[in-house]
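Comments concern the structure below.
The values are calculated or read from the model by the stated rules, or taken from the named source; none is laboratory data. These numbers were taken from a predicted model, which means no experiment stands behind them. Backbone-built Cβ (ideal geometry, glycine too); neighbour counts: all protein chains shown. Keep in mind that these areas ignore ligands, DNA and RNA; they rest on the heavy atoms of the full protein, side chains included. Shrake-Rupley method; radii C 1.70, N 1.55, O 1.52, S 1.80 Å.
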Amino acid sequence: MHTLSSPPPGAWRFAKMHGAGNDFVVLDAVSQPIELTPELARRLADRHFGIGADQILIVENPMHPEADFRYRIFNADGGEVEHCGNGARCFARFVREQGLSRRNPLRAEICTGLLTLTLEDSGEVSVDMGQVSFEPGSLPFAPDGLASRRQGDATIWQLPLDGLPTVEFAALAISNPHAVLIVDDVATAPVGTLGPAITHHPRFANEVNTGFLQVVGRHNARLRVYERGAGETLACGTGACAAAITGIRMGLLDSPVKVQTRGGCLTIAWNETGLRMSGPATTVFQGWIDPHALVRPTEFKDIAA
């Protein structure tokens with residue numbers, strides 16, 4: 001019989017965590033050998049046959065000389081992505097709880113640059129989120145031939161959809177690509193239909209995360225996000241940043257903005273000095289898992305007659 005102190009050979013130690021309901025399997029590749037493939041990421045993320053998660057985070061030794069650690073992010077579909085704000089907060093707490101570092105703040109390397117993360121006395125984690133780009137090519141997004149208009153400092157694009165109403169959105173990149181729509185009520189917004197139609201639209205070469213933003217007050221908003229590779233999640237950190245920035249640029253919001261998601265509240269501050277997000281990071285449980293014992297769900301067509 002194997003226990004937490006006596007795992008099976010080849011098993012990986014992990015923590016199950018969430019940031020405002022956006023949940024992760026976090027793997028320590030600093031003190032144990034881990035080769036994470038897209039297929040293994042899909043199996044770990046499976047909510048019936050694996051551990052279950054929106055994303056898999058893998059913590060590694062850095063390659064950049066100014067970083068304390070490097071971490072990579074895999075969506076539930078196995079695709080590797082550039083950035084994850086809720087994951088960044090969970091990464092910082094994981095490193096502290098696993099005894100990998102006591103440094104505060106931490107410098108983390110992601111595929112698009114360096115992040116600075118601070119564990120606050122309140123228990124929340126704050127993240128300097130890096131650069132924001134409003135150039136369509138940075139997403140990348142192909143707007144050729146689309147109608148647009150200006151609202152405040154923001155460009156609002158009009159995108160016709162097959163069999164659905166034309167939508168208006170702002171496009172921006174915070175390492176991850178985002179399209180943000182303003183809605184009257186997030187509770188009734190057609191996230192399940194418009195979300196995938198926009199996310200998978202061919203004008204977004206790498207797909208896009210689609211946010212549905214409801215402005216509640218000058219410093220308060222509500223948000224739902226349909227994420228590429230994961231579907232609708234309970235929270236999206238870079239999505240909350242994209243929504244707050246869009247509202248500010250459109251003249252509808254003022255920094256700082258409290259963004260209420262279905263999983264919790266994130267605070268976004270954005271000005272000429274940078275972009276900062278603060279919010280919770282929670283460890284749910286820890287354990288060991290043998291990745292090679294994970295099974296793929298069987299399709300009926302695979303069963304012999």
Is it the case that some residue within region 44-63 is farther than 25 Å from Gly263 by Cβ and out of contact with any strand residue (DSSP E or B) (no Cβ under 9 Å at 6 or more places or on another chain)? no
Is there a residue in region 222-239 that is over 17 Å from Gly21 (Cα atoms), hydrophobic (A, V, I, L, M, F, W, C) and either open to solvent by less than 40 Å² (accessible area, probe 1.4 Å) or under 20 Å from the mean Cα position of the chain (by Cα) (or both)? no
If Arg262 satisfies every condition in (1) open to solvent by 20 Å² or more (accessible area, probe 1.4 Å); (2) in a strand (DSSP E or B); (3) touching a Leu at 6+ places or on another chain (Cβ under 6 Å) but one, which is the exception? (2)
Can you tell me which residue among Leu114, Leu100 is of a type outside the set (Gly, Ala, Ser), in contact (Cβ under 8 Å) with a residue 40 or more places away in the chain and either in a loop (DSSP other than H, G, I, E, B) or at positive phi (or both)? Leu100
Could you tell me which of the residues Ile73, Ile58 is out of contact with any Asp or Glu (no Cβ under 8 Å at 6 or more places or on another chain), closer than 24 Å to Glu232 by Cα, in contact (Cβ under 8 Å) with a residue 12 or more places away in the chain and open to solvent by less than 60 Å² (accessible area, probe 1.4 Å)? Ile58
Residue list for region 136-153, restricted to those being closer than 25 Å to Val81 by Cβ, part of a loop (DSSP other than H, G, I, E, B) and either of a type in the set (Gly, Ala, Ser) or modelled with pLDDT under 95 (or both): Ala142
Residue list for region 135-153, restricted to those being of a type outside the set (A, V, I, L, M) and surrounded by fewer than 16 Cβ atoms within 10 Å (Cβ to Cβ): Glu135, Gly137, Pro140, Asp144, Gly145, Ser148, Arg149, Arg150, Gln151, Gly152, Asp153
All but one of (1) over 18 Å from Ala29 (Cβ atoms); (2) open to solvent by 50 Å² or more (accessible area, probe 1.4 Å); (3) under 17 Å from the mean Cα position of the chain (by Cα) hold for Val132; state the number of the condition that does not hold. (2)
Tally up the residues in region 35-55 that are free of Cβ contacts under 8 Å to residues at least 40 places away in the same chain, surrounded by fewer than 17 Cβ atoms within 10 Å (Cβ to Cβ) and either within 21 Å of Phe285 (Cα to Cα) or within 11 Å of the chain's Cα centre (by Cα) (or both), please. 2
For region 206-223, pairs from a residue that is of a type in the set (D, E, K, R) to a residue that is at pLDDT 95 or above and not in a loop (DSSP other than H, G, I, E, B), with Cβ under 8 Å and 6 or more apart or across chains, are Glu207/Pro177; Glu207/Thr199; Arg222/Leu213; Arg222/Gln214; Arg222/Val216; Arg222/Val259; Arg222/Gln260
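This table checks each residue for (1) surrounded by fewer than 22 Cβ atoms within 10 Å (Cβ to Cβ); (2) modelled with pLDDT of 95 or more; (3) touching a helix residue (DSSP H, G or I) at 6+ places or on another chain (Cβ under 6 Å); (4) in a strand (DSSP E or B).
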| residue | (1), (2), (3), (4) |
| --- | --- |
| Thr155 | yes, yes, no, yes |
| Pro160 | yes, yes, no, yes |
| Ala170 | no, yes, yes, yes |
| His178 | no, yes, yes, yes |
| Val186 | yes, yes, no, no |
| Thr193 | yes, yes, no, no |
| Ile198 | no, yes, no, no |
| His201 | yes, yes, no, no |
| Thr210 | no, yes, yes, yes |
